Amino acid sequence: RSSQQVSPRDQMPVSRLLQKAGYATFATGKWPWLGHMEDADAWGFDRMVTWRSYNTPDRYWDPNLYVNGKKRGFPGKYGPDIMQDAIFDFIDKNRNQSPGKPFFVYYPSTFPHSPYIHTPDSKSPDISKAEKYRDMIAYMDRQVGDLRARLAERGLAESTLIIFLSDNGSVTSFKECIDGKVVHGGKGQIADGGVRVPWICFWPGTIEPGRTTDALVDFSDLLPTILDVADVNMADRPQVDGRSFASLLRGEPFQAREWVFYQVENKYAVREHLWKLDHTHTLFDMRHSPHGEIPVDPIGDSEAERAFARLKAVVAGLDPFKSLPKASQ
């Protein structure tokens, strides 16, 4: 949905639901599309340290950040470090002021994104664009490790669930590979390379280390999962399309989704494990995903015909264009 359509006056953000349930709430990182709309408290955050100026380099060196809605410059500093430190400043203050009060942190990292800028770990500011991109990813990885370590230092690791995921696939200007094979598609596309993203959950003592799953999960599942993990059961808990996977995290019986839906403006697809139907009503064999998607004529192939009928019925019940602005239809 466009930023003009999203407002805490009309929707109930997960942060506000958690705040009402007694959580301390904090946001840091990217906030370019929503920053002009409402103050932090409207969105349900007690405190915010965010970057809002879309497509500028000042999220990195010599950053301009918004601290609780007020713009502030940080000459000589590195933005991602400031935002990472702000998380633990918030956590420590919350623990000192309200011992035992749970917290929620929304942390959309500024990494990696154009314009590509060298990091504190780069060998030089004059390295190539590809090297800067690589260094940004490496620095983000180091920050994730630092976040885990600092939670452990405070004795919070086992009581804190970390959900790490990307909001889209990689940019198409760089070839991304898995096991030496190029990923098909990228950001802004409905091919797997554009919508299939890393999704890692870390919860020591609850999630068995190294455990993986092939269960289908999409972004709509985040809100009900977080509310379940936080044990939020309130009268105004919204009715949503998402399905909680909290039981999956805990290793308990879990009824997986049969399909997921994704949409980029006027392009969309419904995906099962082995089949995908897109907005052109083309059926794809997804057995070679994410390295390739094979268009299939379902006529005469009984398995493909059944898949086509199932996915077409799903699309018929979704009305994919109902949330788009009229100009985009």
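Tabulated data
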quantity: Single residue of the range 242-285 satisfying the filter (among the polar types (S, T, N, Q) and out of contact with any Ser or Thr (no Cβ under 7 Å at 6 or more places or on another chain)) that is farthest from residue 184 (Cα to Cα); calculated: 247
quantity: Residue tally, condition among the hydrophobic types (A, V, I, L, M, F, W, C) and open to solvent by 70 Å² or more (accessible area, probe 1.4 Å), over the range 58-77; calculated: 1
quantity: Enumeration of residues in the range 195-246 that are in contact with a Gly (Cβ under 9 Å, 6 or more places away or on another chain) and among the charged types (D, E, K, R); calculated: 196, 208, 211, 218, 221
quantity: Residue within the range 257-272 that is charged (D, E, K, R) and touching a residue at least 60 places away in the same chain (Cβ under 8 Å) present; calculated: yes
quantity: Every residue from the range 242-274 that is closer than 19 Å to residue 211 by Cβ, surrounded by 13 or more Cβ atoms within 10 Å (Cβ to Cβ) and among the charged types (D, E, K, R); calculated: 250, 257
quantity: Residues satisfying the stated conditions in the range 96-120, i.e. free of Cβ contacts under 8 Å to residues at least 60 places away in the same chain and of a type in the set (S, T, N, Q); calculated: 96, 97, 114, 119
quantity: Complete set of residues in the range 154-176 that are within 25 Å of residue 259 (Cα to Cα) and open to solvent by 60 Å² or more (accessible area, probe 1.4 Å); calculated: 164, 167
quantity: Selected residue [at pLDDT 85 or above, within 27 Å of residue 135 (Cα to Cα), open to solvent by 80 Å² or more (accessible area, probe 1.4 Å) and in contact with a helix residue (DSSP H, G or I) (Cβ under 8 Å, 6 or more places away or on another chain)] from 181, 187; calculated: 187
quantity: Residue in the range 288-310 that is more than 23 Å from residue 199 (Cα to Cα), free of Cβ contacts under 8 Å to residues at least 12 places away in the same chain, open to solvent by less than 90 Å² (accessible area, probe 1.4 Å) and in a loop (DSSP other than H, G, I, E, B) present; calculated: yes
quantity: Conditions (1) surrounded by 17 or more Cβ atoms within 10 Å (Cβ to Cβ); (2) touching a Leu at 6+ places or on another chain (Cβ under 8 Å); number of the one not met by residue 224; calculated: (2)
quantity: Pairs where the first residue, in the range 176-188, is farther than 20 Å from residue 265 by Cβ and the second is in a loop (DSSP other than H, G, I, E, B) and open to solvent by 70 Å² or more (accessible area, probe 1.4 Å), C-beta under 6 Å, 6+ apart; calculated: 182/175
quantity: Conditions (1) within 30 Å of residue 266 (Cβ to Cβ); (2) in contact with a Leu (Cβ under 8 Å, 6 or more places away or on another chain); (3) among the hydrophobic types (A, V, I, L, M, F, W, C); number of the one not met by residue 162; calculated: (1)
quantity: The range 311-322, subset surrounded by 11 or more Cβ atoms within 10 Å (Cβ to Cβ) and at pLDDT below 85, residue farthest from residue 260 (Cα to Cα); calculated: 321
quantity: Matching residues, the range 7-30, being within 13 Å of residue 238 (Cα to Cα) and of a type in the set (D, E, K, R); calculated: 10, 16
quantity: Check on residue 104, assigned to a strand (DSSP E or B), of a type in the set (Phe, Trp, Tyr) and either farther than 18 Å from residue 62 by Cβ or modelled with pLDDT under 95 (or both); calculated: yes
quantity: Check on residue 163, free of Cβ contacts under 8 Å to residues at least 40 places away in the same chain and either under 29 Å from residue 248 (Cα atoms) or hydrophobic (A, V, I, L, M, F, W, C) (or both); calculated: no
quantity: Only one of 123, 93 that is open to solvent by 50 Å² or more (accessible area, probe 1.4 Å), part of a helix (DSSP H, G or I) and either without any contact (Cβ under 8 Å) to a residue 60 or more places away in the chain or under 17 Å from residue 31 (Cα atoms) (or both); calculated: 93
quantity: Subset of the range 191-205 [more than 13 Å from residue 218 (Cβ to Cβ) and open to solvent by 20 Å² or more (accessible area, probe 1.4 Å)]; calculated: 198, 200, 201, 202, 203, 204, 205
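The values are calculated or read from the model by the stated rules, or taken from the named source; none is laboratory data. Quick caveat: nothing in here was measured; it's all calculated off a predicted structure. All Cβ positions, even for glycine, are placed from backbone atoms using ideal geometry, and neighbour counts span all protein chains on display. Keep in mind that these areas ignore ligands, DNA and RNA; they rest on the heavy atoms of the full protein, side chains included. Shrake-Rupley method; radii C 1.70, N 1.55, O 1.52, S 1.80 Å.
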